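Scroll down for the structure; my scribbles are underneath it.
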């Protein structure tokens with residue numbers, strides 16, 4: 001049917017003909033699709049030019065006045081839709097200048113912003129948002145789940161502001177929180193939880209967001225989910241289960257069952273053997289074995305201890321703020337330690353996360369490396385070169401294991417007090433309260449990350465950490481160098497300075513401890529490379545390990561694994577404390 005020009009203009013007067021759909025998007029009147037064939041062809045031509053990014057051709061069609069800037073095809077897609085889909089920013093800007101409507105919905109409820117986001121045109125999406133563009137309601141639930149999975153925090157927050165149901169789910173009943181937790185998108189997960197997301201939503205398989213976070217070792221996500229009282233799912237566990245390397249059982253469909261959780265009632269406290277700011281360590285008997293139990297300070301544990309030991313007064317329980325810090329460290333440490341199995345890592349045997357009975361049970365050790373240093377200093381002796389080298393090799397073995405995990409694990413608080421020695425004189429790494437799983441499994445070994453400044457103990461802290469700069473796993477290499485110096489020198493770096501002044505020497509003044517000329521030249525060079533100012537020139541632990549083992553073989557004509565009595569025993573039993581933190 002032919003229409004005169006006046007009729008055409010009336011048909012495209014959208015103010016009189018549009019009708020709303022869910023979410024505030026608009027669909028044009030059917031009159032848009034009832035145009036004369038020639039005029040409809042002109043409109044389609046404009047869409048084709050927009051898809052190609054031919055901005056001048058789009059402007060020419062509009063200048064002829066035959067079609068409006070909001071013309072749409074049979075699928076109700078406008079020039080704005082197709083230009084945004086193809087990422088043609090210049091064309092989109094011209095359409096905006098011509099008055100194109102930003103939030104028109106196509107046949108499927110999608111808006112131009114949806115198209116830009118779907119095809120990852122981030123710059124264009126930002127521009128559209130600045131002009132008031134929003135996502136189409138028909139796809140908003142899917143958009144929220146997708147944005148949370150991809151870590152698109154801006155889109156997640158926009159959708160939350162649009163009052164999209166944060167607990168919406170896909171076919172498998174997986175919410176945006178499941179996806180964010182599983183992919184390690186901490187900031188998105190936090191926004192969803194702050195907006196009222198249910199941390200205990202279960203998917204079709206009985207899994208909750210916490211299960212997904214734990215399965216993929218996303219420590220930050222685990223921590224915040226627990227803070228919001230997130231718990232593991234209630235999926236039925238098969239009786240036919242196998243145990244994996246992380247201390248879980250796996251049923252037939254691969255759902256994890258935590259076999260490391262213990263009942264505090266099983267633990268018999270025998271002797272208090274250590275204490276820290278947030279916790280106390282007890283020698284305990286558990287399931288017939290002597291173990292170490294690291295307990296977050298609590299009134300209830302103190303009361304239980306004083307039932308049997310009324311003469312022992314333990315420190316007061318923690319303030320609310322300190323308790324939160326302690327619990328956060330506890331959760332991080334248990335989530336990491338339960339995965340680790342290595343001869344030079346102190347093994348976690350079990351844990352209790354029952355409120356007010358938060359306890360980690362680990363193998364009982366003889367003492368810390370710090371205790372060894374103190375004993376030698378008191379007795380005026382020094383570690384033999386063989387033992388210096390063996391301890392350094394065992395430390396390098398443990399750290400090489402951590403750094404080659406997938407994803408790599410940064411310890412971030414290496415120091416003599418966090419290195420324990422067992423009753424066979426084997427050195428083991430402990431205290432993972434400040435450990436960090438590297439955020440992205442796929443990043444290269446040389447990539448850096450912005451993490452909390454001044455994390456760890458000052459004297460052994462890498463300069464870049466003290467200066468609040470970005471850093472990577474090479475911070476552990478620097479700490480290793482300072483511990484190696486301590487082993488060889490018999491005293492800590494800058495022994496006459498306190499921790500802050502010591503790290504200031506390294507981080508601000510750029511100095512390092514003086515290396516005596518009579519030390520092994522090869523080991524001295526390695527030490528200096530490990531504490532290099534430039535983290536990129538510090539060697540990886542695999543290279544450190546190779547050099548140390550070769551040096552040991554050359555010096556003693558034997559492998560470090562061939563321990564002999566000539567290696568020397570740990571000094572004295574008296575006063576040697578088992579320090580787990």
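The table below lists the values:
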item: Subset of segment 248-278 [at pLDDT below 75, crowded, with 19+ Cβ neighbours inside 10 Å and closer than 18 Å to residue 337 by Cβ]; result: 248, 256, 278
item: Segment 32-48, residues that are buried (at least 19 other Cβ atoms within 10 Å of the Cβ) and within 49 Å of the chain's Cα centre (by Cα); result: 46, 47
item: Residue within segment 92-108 that is at pLDDT below 65 and exposed (fewer than 15 other Cβ atoms within 10 Å of the Cβ) present; result: no
item: Set 191, 141: member being over 25 Å from the mean Cα position of the chain (by Cα), in contact (Cβ under 8 Å) with a residue 24 or more places away in the chain, in a helix (DSSP H, G or I) and over 30 Å from residue 58 (Cα atoms); result: 141
item: Hey, residue 533 assigned by TED's automatic domain parsing to the domain that holds residue 395 and closer than 22 Å to residue 397 by Cα or not; result: no
item: Residue check, residue 369 modelled with pLDDT of 90 or more, buried (at least 18 other Cβ atoms within 10 Å of the Cβ) and within 28 Å of residue 486 (Cα to Cα); result: yes
item: Test set (1) over 35 Å from the mean Cα position of the chain (by Cα); (2) over 29 Å from residue 374 (Cβ atoms); (3) outside any helix (DSSP H, G or I) - residue 539 fails condition number; result: (1)
item: All positions within segment 49-73 that are modelled with pLDDT of 85 or more, crowded, with 16+ Cβ neighbours inside 10 Å and not in a loop (DSSP other than H, G, I, E, B); result: 49, 50, 51, 55, 57, 58, 59, 61, 62
item: Only listed residue being modelled with pLDDT under 85 and either in a loop (DSSP other than H, G, I, E, B) or surrounded by fewer than 19 Cβ atoms within 10 Å (Cβ to Cβ) (or both), chosen from 202, 240; result: 240
item: Segment 341-360, residues that are crowded, with 20+ Cβ neighbours inside 10 Å and free of Cβ contacts under 8 Å to residues at least 12 places away in the same chain; result: none
item: Condition met for residue 171 (under 22 Å from residue 211 (Cα atoms) and at pLDDT below 80); result: yes
item: Evaluation of residue 139 against (1) at pLDDT 85 or above; (2) crowded, with 16+ Cβ neighbours inside 10 Å (one fails), failing number; result: (1)
item: 2 or more residues over 30 Å from residue 220 (Cβ atoms) and touching a strand residue (DSSP E or B) at 6+ places or on another chain (Cβ under 9 Å): qualifying helices (runs of 4 or more DSSP H) within segment 319-429; result: 369-379, 385-403
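Let's see how each residue does on (1) crowded, with 19+ Cβ neighbours inside 10 Å; (2) at pLDDT below 90; (3) out of contact with any helix residue (DSSP H, G or I) (no Cβ under 7 Å at 6 or more places or on another chain):
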{"position": "147", "(1), (2), (3)": "yes, yes, no"}
{"position": "154", "(1), (2), (3)": "no, yes, yes"}
{"position": "167", "(1), (2), (3)": "no, no, yes"}
{"position": "186", "(1), (2), (3)": "yes, no, no"}
{"position": "189", "(1), (2), (3)": "yes, no, no"}
{"position": "196", "(1), (2), (3)": "no, no, yes"}
{"position": "209", "(1), (2), (3)": "yes, no, no"}
{"position": "221", "(1), (2), (3)": "yes, no, no"}
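The values are calculated or read from the model by the stated rules, or taken from the named source; none is laboratory data. Bear in mind that the values here come from a model prediction, so they are computed numbers and not experimental data. Neighbour counts are summed over all protein chains in view; Cβ atoms, including those assigned to glycine, are modelled from backbone coordinates with ideal geometry.
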